[in-house]
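Every read-out reported here was derived from the displayed coordinates using simple, explicitly stated rules and does not represent laboratory data. Just so we're clear, the structure is a prediction, and the values are computed from it rather than from any experiment. Cβ placement follows ideal geometry from the backbone for every residue including glycine, while neighbour counts extend to all protein chains displayed.
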Amino acid sequence: MHMNSRRSEVTSIDGEAAFALMEPLTDLVIEAGAAILAINRAYLNVEHKPDGSPLTEADLAADRIILEGLTRIAPELPVLSEERLEGAKPPSTGSFFLVDPLDGTREFVAGRDEFTVNVALVTNGVPLMGIIGAPALGLVWRGLVGQGAERLATGAKSSPEPIRTRSLPTSGEPWVAAVSRSHGDSRTDAFIAARPRAIRTPLGSAVKFARVAEGQVDIYPRLAPTSEWDVAAGHALVTAAGGKVTDSQGVALRFGGGSAGFIVPEFIAWGDPSAAGGA
């Protein structure tokens, strides 16, 4: 974790304190998104990390803006960013930020619009607040567990719109499953195939969580490993909007607890929490 020489004592942020951070964090996500959009994708220099995932100047620009902003907004809290993992050691208690400065780099490089900036606040292993900005779509989704979720447009002075997940379709009606455009896997395919009348909606990045949170999608399964920073903001958003995120057995996920490589082995985001259970 990028502890960046911050205070050694454990700090825990509750819902009230998190609420006070919502607006400055939203502004920070929008600022990072604007920096990504300012980069000409036609002339990108694409490098690759050891795991084969792409890395661009857009990832690094957004990461720098977010880290500087978090240091200013909440200097007492540690930050774990995808782009700053050297020497990272996860905390087991307290609050910290989980950041993916550019989720969906493959989508960004390919010229598509479904890439996001993800910032989550995790307290005692549970995502408490999540902000997902989709700069090319001009949207931000944000949620605080226990206080609801909302969507706002970034290009105009518009009021935030409350959002909620929807109930699972009744018998005979199709239900919609968000699937990754870039990362397919056999377990997820089998899970969806076992659900009759399922409609697959290919989407990129954390936009999949956002579509669950706003009631356009019923379920988003990912039964293959991914990373904590890919999941935490969406986890908080879906939960705040009335849904639930579990593993395939219906067990709650934990973040920052020391899993090797910050890996989330699997998850399912359920729009209707009553549907969550052993998959």
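When the strands (runs of 3 or more DSSP E) confined to segment 116-197 are screened for residues that are of a type in the set (V, I, T), those reaching at least 2 such residues are found at 116-123, 126-134, 175-180. If we scan segment 220-227, do we find a residue that is in contact with a Lys or Arg (Cβ under 8 Å, 6 or more places away or on another chain) and hydrophobic (A, V, I, L, M, F, W, C)? So far as segment 220-227 goes, yes, one or more of its residues are in contact with a Lys or Arg (Cβ under 8 Å, 6 or more places away or on another chain) and hydrophobic (A, V, I, L, M, F, W, C).
Mind telling me which of the residues V217, V122 ends up being surrounded by 20 or more Cβ atoms within 10 Å (Cβ to Cβ), over 30 Å from I73 (Cα atoms) and of a type in the set (A, V, I, L, M, F, W, C)? Before the answer, list the steps.
Details: V122 fails: over 30 Å from I73 (Cα atoms).
Criteria check complete, one pass: V217.
Could you list, ordered by first residue, the pairs with Cβ atoms under 7 Å in which the first is in segment 18-38 and within 15 Å of V140 (Cα to Cα) and the second is assigned to a loop (DSSP other than H, G, I, E, B) and of a type in the set (S, T, N, Q), at least 6 apart or interchain? That search, which allows pairs on different chains as well, returns I30/T154. Does segment 250-260 contain at least one residue that is more than 17 Å from L168 (Cα to Cα), of a type in the set (G, A, S) and not in a loop (DSSP other than H, G, I, E, B)? Yes: one or more hits.
Looking across segment 54-78 at every residue that is in contact with a Pro (Cβ under 9 Å, 6 or more places away or on another chain) and of a type in the set (V, I, T), the one that is surrounded by the most Cβ atoms within 10 Å (Cβ to Cβ) is identified as I66.
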